[in-house]
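Everything below concerns the one structure shown next.
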Amino acid sequence: MPKVSFIVAVYNSMPYLEQCLNSLINQTVRDIEIVCVNDCSPDNSEKVIRDYSAKDSRIKLINHEENRHQGGAWNTGVKAATGDYLCFVDADDWLEYDYCEVVELGADIIIAKKFYKGFVKSDNIDERKFADCGYDIRKNILLNGLFFITNFYKRSLFERLVFHFVENNAYHDFMTTLLYFKTENIKFTEKVGYHYRVDNVSLQRSMNQNAFWGRLDTAKLEYNSLKKMDIAQQYESEIDYHFYKLFYCNSLIRAYYGFTKINWKFVDCIIEEKKRLIPNIEENSYVSKLNSDYSFIMRLPLYMFDAIPKYMIDASHWFYILLRKIAR
């Protein structure tokens, strides 16, 4: 059985850290290591990890001298890891005990399903939602924005690509998309073993100006990197749509709902970047399909109504679609 290195970025995770560590040390596959990177956490997370490592030599603690955010913590963990496979774990999440048995599949990337539990406050096992990658993994990632950072990756893949996560940025995981375009040895398993937690603190942390600009910077970096790849021409429409939905549409939603008052500087920047990078996006067939998605459009109208005087073209486009849906 290949050795697995679990890389855990730790910052203010005290309420959940023990549950996370317990799920790792009790894996049915015993040949593992747990690399915990303390990213200058102000709580007692370091003490918890030290107590665990005193009882289990498979746990390594690395302390950052300055906060580098999750991307920086994961980069540190990758450098310290010695396992054949890497698995990135958020310190507030937890795993089923047999989760890492899937590494027997031997692929460069092994995609497993997830439990999306605890969204806002839900702990009901019947409310679990699965994330499924579908058949064409690359196309599905581009169209649906599924990054799968919590899957298993061969460490040699990172070494071969000289891959690094974006540091000091809340959207470090965007760049994970690139890994799926650098190997064809990708396997999917029906195994469900990762419990992903999203709480109110996580949601609030994502709604601030630094995160907003970080989203823009990382989205542009990812888009330009994808465009430079040999395989880019095959997925040209999907890459353009990926940027349109992931950055343009979702950022407009965040510009309205994420702040108490609309920041027109953000809105200006969003629209200008769209015009510069994807000027002909209206001709994209995936965008036409998105325009018919009622559930997505219903998240936009309040913002667009406020924006109509200043951005008539974009606002009227969505306003027309909304009225057309209501008329039906």
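In table form, for the structure just shown:
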read-out: Any hit, the stretch 196-208, residues being surrounded by 13 or more Cβ atoms within 10 Å (Cβ to Cβ) and modelled with pLDDT of 75 or more; value: yes
read-out: Qualifying residue in the stretch 180-191 (condition: at pLDDT 75 or above, over 24 Å from Tyr97 (Cα atoms) and among the aliphatic types (A, V, I, L, M)); value: no
read-out: In the stretch 262-279, residue modelled with the highest pLDDT [restricted to those that are among the aliphatic types (A, V, I, L, M) and closer than 13 Å to Phe212 by Cβ]; value: Ile270
read-out: Failed condition for Ile49, given (1) over 25 Å from Ala211 (Cβ atoms); (2) surrounded by fewer than 21 Cβ atoms within 10 Å (Cβ to Cβ); value: (2)
read-out: Some residue of the stretch 10-30 being loosely packed, with under 14 Cβ neighbours inside 10 Å and free of Cβ contacts under 8 Å to residues at least 60 places away in the same chain; value: yes
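The values are calculated or read from the model by the stated rules, or taken from the named source; none is laboratory data. Bear in mind the structure is a predicted one, so any value in this text is a computation, not a measurement. Quick reminder, even Gly has a Cβ in these numbers, built from the backbone with ideal geometry, and neighbours come from all protein chains shown.
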